[in-house]
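The values are calculated or read from the model by the stated rules, or taken from the named source; none is laboratory data. The model shown is predicted, which means the values in this text are computed figures rather than measured ones. For neighbour counting, all protein chains shown are included, and Cβ atoms are generated from backbone atoms with ideal geometry for every residue, glycine included.
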Amino acid sequence: MYPFTPGSYAPRNGWYVASFIKDIGEELLERWILNVPVVLYRKENGAAVAIHGRCPHRHFPLGKSQRVGDAVQCGYHGITFNSAGKCTFVPSQSNVPGVYSIPTYPLVERGLWAWIWMGDPEKADESLIPTLEEIDFEIPGLIPYPFETMEVDGRYQLLNDNLLDLSHLSYLHGTSIGTTTDAETPEVRDVNERRLSSRRIMPNTDMTPVLMEITEYRGKIDRINGMDFYAPGFHAGLGDFQVSEGHERAGEYLSKGRVWHAVTPSTMYTSLYFFAMTVSDLKQIDRTKVIIKKVLDEDLLATIEIEKIVRRMGEAELPKELMIKSDQTAVMGRRIMQALMDKEKAEAQA
Ligand code: FES
Ligand SMILES: [Fe+2]
């Protein structure tokens with residue numbers, strides 16, 4: 001499916017964010033991931049688990065059922081599954097057929113996020129999850145904060161494309177976090193087997209509209225903006241703003257922050273989007289939320305509107321995209337994803 005080859009949807013062997021850790025508790029939390037219903041909850045001993053979300057009897061959603069201790073009892077006819085997915089109780093009969101067990105999924109809590117592995121559990125290697133060090137999670141004076149969980153009416157790769165091409169800051173975010181310099185500045189890329197990294201170094205440049213809102217300073221700034229993509233769905237970004245040379249406050253940070261975007265395929269044409277960012281002062285959260293909402297709404301608008309065009313025209317009728325120079329990182333990101341899917345397909349046929 002667009003923008004991948006026909007039949008390619010998403011890599012399954014990879015860690016995706018299923019939820020912010022803070023949202024997993026005693027209550028059953030239903031999430032669709034890779035077109036599969038999943039139920040997340042925390043057992044009585046505090047461990048978070050992820051089990052399949054469809055009752056094998058009549059397809060009732062287990063996420064809309066109830067807990068009995070650490071087990072989940074289907075809300076329709078009462079068949080019960082433990083947290084390991086084993087069926088433990090069928091109300092109308094004394095035997096419990098083995099076929100009634102349901103899948104469970106490896107789930108790892110790291111940083112702000114609960115990471116799920118929906119593919120072959122044998123391949124669920126925790127070392128593939130970005131480390132906190134890699135994503136600059138622990139910077140003294142900066143507090144990581146889980147801002148938003150969004151269900152987006154658009155296929156996940158539209159969000160990945162968006163995050164892999166920050167030239168859009170100049171236009172989509174021209175009244176918030178971008179200036180025309182973003183699109184004019186060439187990227188510096190760095191690629192290794194774990195991540196695809198891009199930076200825009202913008203010395204002696206104009207302030208962004210949001211920066212003008214949050215600081216009194218007026219003048220030129222040195223700005224670094226960038227993003228590191230960890231396939232299949234995590235983007236760790238940075239935005240540093242310093243007073244430029246020639247000013248008495250030269251070198252002072254006006255703002256410094258890390259942002260983390262997690263993009264998870266939900267259904268075929270919808271996505272889960274988890275946005276987190278550092279704050280230097282928790283008292284500023286409400287004000288920051290207002291600024292962030294405007295920026296995220298701009299990205300969601302692009303995603304949702306492109307999805308509409310693709311769906312309405314139909315993929316068979318959709319003309320090929322016309323690429324420009326600034327697409328290079330996004331194209332590399334798509335190639336990484338396509339290669340992961342091709343590898344899985346080849347392994348499944350072997
Ligand atoms: S649908 Fe779950 S017990 Fe019948
Ligand atoms: Fe954006």
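So here's what we get for this one:
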| quantity | calculated |
| --- | --- |
| Cβ-Cβ under 9 Å pairs, at least 6 apart or on other chains, region 327-347 side closer than 21 Å to residue 12 by Cβ, far side among the basic types (Lys, Arg) and in a helix (DSSP H, G or I) | none |
| So residue 130, is it more than 16 Å from ligand 2 (Cβ to nearest atom) and part of a loop (DSSP other than H, G, I, E, B) | yes |
| Pair list, Cβ < 9 Å and 6+ apart or interchain, from region 147-161 residues that are closer than 23 Å to residue 111 by Cα to residues that are assigned to a loop (DSSP other than H, G, I, E, B) and aliphatic (A, V, I, L, M) | 156/10; 160/231 |
| From 195, 110, 189, residue being out of contact with any strand residue (DSSP E or B) (no Cβ under 8 Å at 6 or more places or on another chain) and among the basic types (Lys, Arg) | 110 |
| Region 32-85 - residue that is among the aliphatic types (A, V, I, L, M) and outside any strand (DSSP E or B) and, of those, farthest from ligand 1 (Cβ to nearest atom) | 47 |
| Neighbours by Cβ (under 6 Å, 6+ apart or cross-chain): first from region 241-253, surrounded by 13 or more Cβ atoms within 10 Å (Cβ to Cβ); second aromatic (Phe, Trp, Tyr) | 242/253 |
| Answer from 103, 130 - the residue that is under 17 Å from residue 15 (Cα atoms) and outside the structural domain of residue 263 (by TED's automatic domain parsing) | 103 |
| Every residue from region 269-308 that is touching a strand residue (DSSP E or B) at 6+ places or on another chain (Cβ under 6 Å) and aromatic (Phe, Trp, Tyr) | 273, 274, 275 |
| Looking only at region 17-31, and only at residues there that are without any contact (Cβ under 8 Å) to a residue 60 or more places away in the chain and surrounded by 17 or more Cβ atoms within 10 Å (Cβ to Cβ), the one that is farthest from ligand 1 (Cβ to nearest atom) | 29 |
| Options 193, 187; residue that is touching a residue at least 40 places away in the same chain (Cβ under 8 Å) and in the same structural domain as residue 298 (by TED's automatic domain parsing) | 187 |
| The listed residue being assigned to a helix (DSSP H, G or I), touching a residue at least 12 places away in the same chain (Cβ under 8 Å) and in the same structural domain as residue 198 (by TED's automatic domain parsing), out of 285, 309 | 285 |
| One residue from 214, 224 being surrounded by fewer than 20 Cβ atoms within 10 Å (Cβ to Cβ), closer than 25 Å to residue 141 by Cα, at pLDDT below 95 and β-branched (Val, Ile, Thr) | 214 |
| Residue in region 64-87 that is nearest to residue 53 (Cα to Cα), counting only those that are buried (at least 16 other Cβ atoms within 10 Å of the Cβ) and among the polar types (S, T, N, Q) | 65 |
| Filter result (of a type in the set (A, V, I, L, M, F, W, C), surrounded by 13 or more Cβ atoms within 10 Å (Cβ to Cβ) and either within 15 Å of residue 160 (Cα to Cα) or more than 16 Å from ligand 2 (Cβ to nearest atom) (or both)) within region 286-328 | 296, 300, 302, 304, 306, 310, 318 |
| Wholly enclosed strands (runs of 3 or more DSSP E) of region 137-217 bearing at least 3 residues under 21 Å from residue 228 (Cα atoms) and more than 16 Å from the chain's Cα centre (by Cα) | 188-191, 196-205 |
| Region 167-178: number of residues that are buried (at least 21 other Cβ atoms within 10 Å of the Cβ) and either within 16 Å of ligand 1 (Cβ to nearest atom) or without any contact (Cβ under 8 Å) to a residue 40 or more places away in the chain (or both) | 1 |
| Index of the failed condition, residue 198 passing every other in (1) within 16 Å of ligand 2 (Cβ to nearest atom); (2) out of contact with any Leu (no Cβ under 7 Å at 6 or more places or on another chain); (3) without any contact (Cβ under 8 Å) to a residue 40 or more places away in the chain | (3) |
| Residue list for region 119-166, filter: surrounded by fewer than 17 Cβ atoms within 10 Å (Cβ to Cβ) and of a type in the set (Lys, Arg) | 123 |
| Residue that is modelled with pLDDT under 95, farther than 30 Å from residue 188 by Cα and not charged (D, E, K, R), where the choices are 346, 350 | 350 |
